[in-house]
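One structure is given below, encoded as structure tokens.
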Amino acid sequence: MLCLHPHCPTGRGEPDWASVFMHAGVRLAPALQNVATAWMEQYFGGPPTHPGVPRALPSGVPAAVLDRLLQLCPCLFNQVDTAPTARAVVHFCELTLGGPITSANAHQAFLIQHPSAPGFKPGPLQECARGGTVMELLCSEVLASAGIPAMPLGQDRWPVWQMPGHVLMNEGRMQSLQALGDILVPCAPTNLVISVKSEAARERLLYSANSIEGVGFGFFKEPQEFWTASRMSLYKRMGFTAIYMPDHTFSLVMQKVAADGNDRHAININGTALYRPLTVFGDDMVRVVGRSSALL
């Protein structure tokens with residue numbers, strides 16, 4: 001997750017606050033940059049702490065600029081007493097893990113932000129906004145770590161297409177198509193559309209593929225939602241090629257499928273596995289992006 005904070009523990013931030021305020025994404029008038037830089041160097045001269053300590057952002061800086069600053073420096077939500085964005089939540093998951101979010105630790109990242117889990121270290125000052133956007137960004141980070149970054153938005157708010165890359169369908173003008181899915185991975189003959197869910201599939205996952213080529217991605221904890229022959233048939237009829245779930249849930253599902261003699265139903269249109277563990281998601285997407293969904 002991008003964070004320009006000069007003291008971000010990832011080490012990927014800008015070298016100093018002066019560089020942050022000169023960043024094109026912040027867009028602070030040159031006449032205000034020196035004062036804002038001096039303030040940030042005095043009061044924001046260190047990394048996030050556990051627990052966080054609140055402090056004020058520089059006065060005299062337009063509110064819109066401060067909003068952009070918070071977006072580009074999510075570490076600030078540990079130092080400024082305001083509700084964190086979904087991107088900040090994912091960034092603090094990354095900081096707590098001590099490394100990028102990947103297929104191997106995505107479920108662990110999900111548990112960090114879960115209200116019943118151990119929590120962040122460090123984390124935001126205010127309670128986190130939880131919900132669909134956080135789940136989508138966790139999936140997006142897994143793709144980025146695998147070498148399939150999110151495509152940036154252009155000035156017209158449409159994605160600037162690049163390969164390999166993925167499209168977040170809840171951002172910019174793509175929001176008009178979000179009913180079809182959450183993340184698009186380009187490939188032939190039809191693009192893959194990933195439907196991201198949290199811990200329960202319910203009927204929302206079943207109908208989200210909408211008869212296009214769909215992929216399910218979730219932190220599902222109820223194996224009984226997946227293991228019947230009728231449910232597997234419905235998923236394939238609705239256009240799902242693969243559904244990814246935590247390794248433990250996957251093991252329970254496949255044990256029951258085998259015990260009931262339903263192995264033949266757990267096969268997708270390509271003759272490969274319909275259900276798969278989250279730990280292989282990144283590798284699978286790398287194999288198909290810009291190529292063919294028949295490889296999935």
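The values are calculated or read from the model by the stated rules, or taken from the named source; none is laboratory data. Because the structure is a prediction, the values reported are computed rather than measured. A quick note on method: Cβ atoms are made from the backbone with ideal geometry, for glycine too, and the neighbour counts reach across all protein chains shown.
Applying the criterion of at least 2 residues that are in contact (Cβ under 8 Å) with a residue 40 or more places away in the chain and surrounded by 15 or more Cβ atoms within 10 Å (Cβ to Cβ) to the helices (runs of 4 or more DSSP H) found wholly in the stretch 207-296 leaves 281-288. Of all residues in the stretch 52-67, those that are within 20 Å of THR10 (Cα to Cα) and either surrounded by 14 or more Cβ atoms within 10 Å (Cβ to Cβ) or without any contact (Cβ under 8 Å) to a residue 12 or more places away in the chain (or both) total 1.
Examine the stretch 19-37 for a residue that is surrounded by 15 or more Cβ atoms within 10 Å (Cβ to Cβ), on the phi < 0 side of the Ramachandran plot, out of contact with any Leu (no Cβ under 6 Å at 6 or more places or on another chain) and aromatic (Phe, Trp, Tyr), and state whether such a residue exists. Within the stretch 19-37, none of the residues are surrounded by 15 or more Cβ atoms within 10 Å (Cβ to Cβ), on the phi < 0 side of the Ramachandran plot, out of contact with any Leu (no Cβ under 6 Å at 6 or more places or on another chain) and aromatic (Phe, Trp, Tyr).
Restricting the first member to the stretch 106-128 and to residues that are free of Cβ contacts under 8 Å to residues at least 60 places away in the same chain, and the second to residues that are among the β-branched types (Val, Ile, Thr) and in a loop (DSSP other than H, G, I, E, B), the beta-carbon pairs closer than 7 Å and six or more apart or on different chains are ALA109/ILE101; GLN126/THR82. Filter the stretch 136-153 down to the residues that are buried (at least 19 other Cβ atoms within 10 Å of the Cβ) and either of a type outside the set (A, V, I, L, M, F, W, C) or within 18 Å of ALA88 (Cα to Cα) (or both) and list them by number. Selection gives GLU136, LEU137, LEU138, CYS139, SER140, GLU141, VAL142, LEU143, ALA144, SER145, ALA150. Those helices (runs of 4 or more DSSP H) of the stretch 54-139 that lie entirely within it include none in which at least 2 residues are touching a strand residue (DSSP E or B) at 6+ places or on another chain (Cβ under 7 Å) and closer than 19 Å to VAL20 by Cβ. Pairs meeting the criteria (first residue in the stretch 19-47 and under 22 Å from ASN78 (Cβ atoms), second residue in a helix (DSSP H, G or I) and among the charged types (D, E, K, R), beta carbons under 7 Å, at least 6 apart or on different chains) are GLY25/ARG68; VAL26/ARG68.
When you scan the stretch 176-197, do you find a residue that is outside the structural domain of VAL134 (by TED's automatic domain parsing), without any contact (Cβ under 8 Å) to a residue 24 or more places away in the chain, over 28 Å from SER145 (Cβ atoms) and assigned to a helix (DSSP H, G or I), even just one? Looking for residues that are outside the structural domain of VAL134 (by TED's automatic domain parsing), without any contact (Cβ under 8 Å) to a residue 24 or more places away in the chain, over 28 Å from SER145 (Cβ atoms) and assigned to a helix (DSSP H, G or I), one finds at least one in the stretch 176-197, hence yes. What do you reckon, is MET238 more than 16 Å from ILE183 (Cα to Cα) and of a type outside the set (D, E, K, R)? In short, yes. If only residues of the stretch 148-173 that are in a loop (DSSP other than H, G, I, E, B) and in contact with an Asp or Glu (Cβ under 8 Å, 6 or more places away or on another chain) are counted, the one that is nearest to ASN191 (Cα to Cα) is MET169.
Only residues that are of a type outside the set (A, V, I, L, M) and touching a helix residue (DSSP H, G or I) at 6+ places or on another chain (Cβ under 6 Å) were counted across the stretch 52-86, and they come to 6.
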